[in-house]
Amino acid sequence: MGRSHIKIPWTNLSLSAALDIPEYDEPVSGQSNLPLVIICHGFIGSKTGVDRLFVKTSERLNAEKYAVLRFDYCGCGESPGKYGNTGLCEILDQTKSVIDYAFNLDFIDKNKVFLLGHSLGGAAAALTLDREARINKLISWSAVGFPYEDITSILGSDEVLNLREEESIQYCGYEFTRKFIESLLKHSPVESLKKFHGDALFVHGTGDDVIPYKYSLLFKDLVKNSKVHLVEGANHTYSCSSHFDELIHVTIEWLNKVGREQNTAV
């Protein structure tokens, strides 16, 4: 696997990212042959992922000849800025900047770009595709369904309710402002998915105690060309090796199937 550590411009900052390319398919200028999976991490996450979730994902996808672009949102991982001072609007804008970068890569098959989101990143991916015409393939892992309710539940409903304008909530080393919290009210992944006409895969662990797996069942009913898969007993980050193996197997199987169908249609 060939890995490049890159910087992706966003406003006056640069987002830290990793571009992972199969070693036996080194890019050649002018070629447009590699499918690409862009990974959007979740709430206070990073491009590495809990228990190296996204690094392991990238390694397995590279083995199947998929390029992978992982990145850190502003204030997360190695990206500069203060995550809790931004909001969901900025997260969507950053996602678009990463997509813009991806579509300028000359070795990528522009018709085979997939957006994969985990947790809040799953919500961000669905919301992004509501306004992004270049991508019509969504992979959603344990996705947030109702951003305000789900994230305030994590931060503490009482703390959010009593938060004053000039104050912030401390959580896992991050400070969350009222701006961040109120931004969650402005977006609905459910409404975005109702308008999504592409292909989608929804995966969720039945042992997820952070985001309920019933969300993915709801998402499946909203998107006509979609599949849902429940990983029995898996937690929010698929930490058990057998759960991760099932997650990645189902994902690769779906990616290959969608790719074959697209080739047939062409």
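Details
- Taken over the stretch 195-208, the criterion of being of a type outside the set (Gly, Ala, Ser), part of a loop (DSSP other than H, G, I, E, B) and under 20 Å from residue 245 (Cα atoms) is satisfied by 206, 208.
- Candidates in the stretch 230-255 are the residues that are surrounded by fewer than 16 Cβ atoms within 10 Å (Cβ to Cβ) and of a type in the set (D, E, K, R); of these, the one that is farthest from residue 115 (Cα to Cα) is 232.
- Looking only at the stretch 67-84, residues that are surrounded by fewer than 20 Cβ atoms within 10 Å (Cβ to Cβ) and touching a Lys or Arg at 6+ places or on another chain (Cβ under 7 Å) come to 1 in all.
The rows are residues; the columns are (1) assigned to a loop (DSSP other than H, G, I, E, B); (2) of a type in the set (Gly, Ala, Ser); (3) closer than 19 Å to residue 138 by Cβ; (4) at pLDDT 95 or above.
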site	(1), (2), (3), (4)
28	yes, no, no, no
38	no, no, yes, yes
58	no, yes, yes, yes
62	no, no, no, yes
73	yes, no, yes, yes
81	yes, yes, no, yes
84	no, yes, no, no
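- Residue 194 vs. criteria within 19 Å of the chain's Cα centre (by Cα) and buried (at least 17 other Cβ atoms within 10 Å of the Cβ): no
- A count restricted to the stretch 101-126 and to residues that are assigned to a helix (DSSP H, G or I) and either surrounded by fewer than 24 Cβ atoms within 10 Å (Cβ to Cβ) or among the basic types (Lys, Arg) (or both) stands at 3.
- Of the criteria (1) surrounded by fewer than 20 Cβ atoms within 10 Å (Cβ to Cβ); (2) charged (D, E, K, R); (3) within 12 Å of the chain's Cα centre (by Cα), which one residue 134 fails: (3)
- A Cβ distance below 6 Å, combined with a sequence gap of six or more or placement on separate chains, defines the contacts here; from the stretch 179-208, residues that are under 25 Å from residue 233 (Cα atoms) reach residues that are part of a loop (DSSP other than H, G, I, E, B) and hydroxyl-bearing (Ser, Thr, Tyr) in the pairs 204/142; 204/213; 206/213; 208/142.
- Only residues that are outside any helix (DSSP H, G or I) and aromatic (Phe, Trp, Tyr) were counted across the stretch 127-157, and they come to 2.
- Among the residues of the stretch 224-239, the ones that are part of a strand (DSSP E or B) and of a type in the set (Lys, Arg) come to 1 in all.
The values are calculated or read from the model by the stated rules, or taken from the named source; none is laboratory data. Keep in mind that what you see is a predicted model, and the values were worked out from it rather than measured. Reconstructed Cβ throughout: ideal geometry from the backbone, glycine too, with neighbour counts over all protein chains shown.
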